[in-house]
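A quick write-up on the structure given underneath.
The values are calculated or read from the model by the stated rules, or taken from the named source; none is laboratory data. What you see is a predicted model, and the numbers here were worked out from it, not measured in a lab. Cβ sites come from the backbone with ideal geometry, for glycine too, and all protein chains shown count toward neighbours. The area values use the complete protein model at the heavy-atom level, side chains included, leaving out ligands, DNA and RNA. Shrake-Rupley method; radii C 1.70, N 1.55, O 1.52, S 1.80 Å.
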Amino acid sequence: MIINFSVQNFGSIKEKQRLSFEADKSTHLEDAYVVNFGGQRILKLALIYGANASGKTTILKALNFLRDLILEPERKKTNELDFNPFLFDSETPKENSIISIEFFQNDIKYFYEIAFFKKAIVTEELYFYHPNKANVFKRKTNLFSEFTEIAFGSKISTDKFFEKTLEANTLWNNTVLGGYLKTNINFKELQEVVDWFKNYLNPMISTRTVLEGFVTSSINTNEISKSDVVTILKKADFNISDIFIQEEDKDIPDDFIEFLKKQVKTPSESVKELEAKGKLTAVNIEFEHTVNNTKYALPLEFESQGTKRFYGFAGLLALLIKKSTAFPIDELEASLHPDLYLHFIISFLLNSKNSQIIATTHNREILDNKDVFRNDVIWFTDKQESCSTELYSLADFDSSVVRNTTNILNAYKSGKLSGTPNLGDTFIDLST
């Protein structure tokens, strides 16, 4: 589980901002929200609320960037890292960006931090607590020779051959964990961390993510049970009684192959393979609706956008309940009715064990529903005068601002909690 996550000089984030899943002292909704893990009380949910362009999505993008940096290391040392530092300042583009994360993997707590710029990882370090804090490795990069130097902690057992091989495989724009993925030698401590990023932390889900394809593929590979998805859809008041998935090979038009050859930068081997096969596998999905005891099959493309979206969310919910996993979700409420939005969150909280959701939202109802939400799961992003992002929790406010009897939504509307858009008047003169 994620304990906390911090980011500095990344996108709209200038100064170090930290998001924590550590529960405060409140016992409000304790059983639904709090997991006792390694002697710490860890929250299952974090919701980030704020105005447009205030940096909500940047928090998720930074987490996603870290995951990609580890699991998809660059193959060439000349490739630049795919991010931008804070650009509305003369100094920050010259400074390192820093991301750190603390998490539990198999009951052991880890702390991982990297400092980097566009061309290279500058420093990197990994610690674990077993039970006391101990260094696994420290890495620094010689920016003149473009060479990685790795020093392992005193409690870590290794050999010179492994160390030299790992250094050789860790390009200056790779993390040590990414270099380890290129190394055909098993190393328990590194493998544990790589497994956490691969199996626990999922890629970010945006409003453009086609969840239907992901869920359908997961059903076909038995990662998700179709019956579980149908059960969740029924609970959400969709009159869907079954899902039919059928694969069908279809001929590839000749002009499509020619188009790939001439216009698209597709690896030639992939095009040759398609051309030789001459067919593409199409997946047809139909939902069975039972209306007045009569069954009707409706193709997925005929369903509403909300039904398609919740079909994807039903698959996510099945994974969150059956596994220990985390999903970063941008604009959680997209295409969902407010009641369905709440239904999804409550179903997750009441049925999952060690899973987590970190999501951005524009749904103001979370500020006006103390029966469902704890203060320490609600976070705000606020755009400063410097155009940089400030991240803070509702639980950070003392009793002079937020009391148990405070109407949070009214406090937000009045500006006491900041994070509101600074809008001008609505008169617009376009005559000049």
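Over the range 183-235, consider all pairs of different Cα atoms and compute the Kirkwood hydrodynamic radius from their mean reciprocal separation; express it in Å, one decimal.
When all Cα pairs of the range 183-235 are included, the Kirkwood radius is 13.8 Å.
Residues with amide H under 5 Å of Val122's amide H, sequence separation 5 or more or different chain, H placed in the peptide plane at 1.01 Å from N; which?
Amide H neighbours of Val122: Ala115, Phe116, Phe117.
Report, in whole Å, the centroid distance computed from the Cα atoms of the range 64-133 and the range 186-236.
The range 64-133 and the range 186-236 have Cα centres separated by 24 Å.
Expressed in nm to one decimal, what extension gain is obtained for the pair Lys370 and Ala168 from 0.36 nm per residue of sequence separation less their Cα-Cα distance?
The span from Lys370 to Ala168 would gain 67.3 nm if fully extended.
I'd like the accessible area for Lys155: 1.4 Å probe, protein heavy atoms, all chains in place, Å² to the nearest 10.
Surface accessible to solvent at Lys155 totals approximately 140 Å².
Considering only protein heavy atoms, what is the solvent-accessible area of Asp237 at a probe of 1.4 Å, reported in Å² to the nearest 10?
About 140 Å², ignoring ligands and nucleic acids.
Quick one: how many Å² of His289 are accessible to a 1.4 Å probe, rounded to 10?
30
Ignoring ligands, DNA and RNA, what percent of the 1.4 Å accessible area of the chain is carbon and sulfur?
Exposed carbon and sulfur together represent 48 percent of the surface.
Would you mind checking which residues have amide H under 5 Å from Ser355's amide H? H placed 1.01 Å from N; only 5 or more apart, or other chain.
Thr325
Per residue, how much accessible surface does the chain expose to a 1.4 Å probe? Answer in Å², no decimals.
Counting only protein heavy atoms, the per-residue value for the chain is 52 Å².
Efficiency by 1/(1 + (r/R0)^6): what FRET value for Val210 and Phe161, r their Cβ-Cβ distance, R0 = 51 Å, to the nearest 0.05?
My answer for the efficiency is 0.70.
Computed over the Cα atoms, what is the radius of gyration of the chain divided by 2.2 N^0.38 Å, N being its residue count?
Relative to the rule-of-thumb radius for its length, the chain sits at 1.10.
Round to the nearest 0.05 the FRET efficiency obtained for Asn199 and Asn220 when R0 = 22 Å and r is the Cβ-Cβ distance.
0.65
Give me the Kirkwood hydrodynamic radius of the range 287-365, using the inverse of the mean 1/r over all pairs of distinct Cα atoms, in Å to one decimal.
Its Kirkwood hydrodynamic radius stands at 14.0 Å.
With point charges of +1 on the Cβ of Lys and Arg and -1 on the Cβ of Asp and Glu, referenced to the Cα centre of the range 339-403, which listed residue (Asn351, Tyr392, Thr381) lies farthest in the positive direction of the dipole?
Value: Asn351.
Between the range 42-57 and the range 320-387, what is the separation of their alpha carbon centroids in Å?
So the two Cα centres are separated by 8 Å.
Kindly sort Asp368, Asp330 by accessible area of their heavy atoms, largest first, with the probe set to 1.4 Å.
Asp368, Asp330
Would you please classify the overall shape of the range 27-150 from the alpha carbon gyration tensor, given that a ≥ b ≥ c denote the square roots of the eigenvalues, rounded means a/c under 1.5, and beyond that prolate means a/b larger than b/c while oblate covers the rest?
Oblate shape, in that a/c is at least 1.5 and b/c is the bigger or equal ratio.
How large is the Rg to Rh ratio of the range 133-263 when both quantities use alpha carbon positions and Rh follows Kirkwood?
Rounded to two decimals, Rg/Rh equals 1.17.
Working with all protein chains in place, sort Ile185, Ile99 by solvent-accessible area computed with a 1.4 Å probe, largest first.
Ile185, Ile99
In Å³ and rounded to a whole number, note down the convex hull volume per residue for the Cα atoms of the range 1-91.
Cα convex hull per residue, to the nearest whole number: 147 Å³.
Please express the shape of the range 78-198 as an equivalent ellipsoid: the semi-axes are the square roots of 5 times the eigenvalues of the C-alpha gyration tensor, given largest first in whole angstrom.
Listed largest to smallest, the semi-axes of the range 78-198 are 25, 18, 12 Å.
Ignoring ligands, DNA and RNA, how do Lys56, Lys160 rank by accessible area with a 1.4 Å probe, largest first?
The residues order as Lys160, Lys56, largest area first.
Can you work out the base-10 log of I(q)/I(0) for the range 302-342 at q = 0.18, 0.19, 0.27 1/Å, using the Debye formula on its C-alpha atoms alone?
Summing over Cα pairs of the range 302-342 leads to -0.54, -0.60, -1.03.
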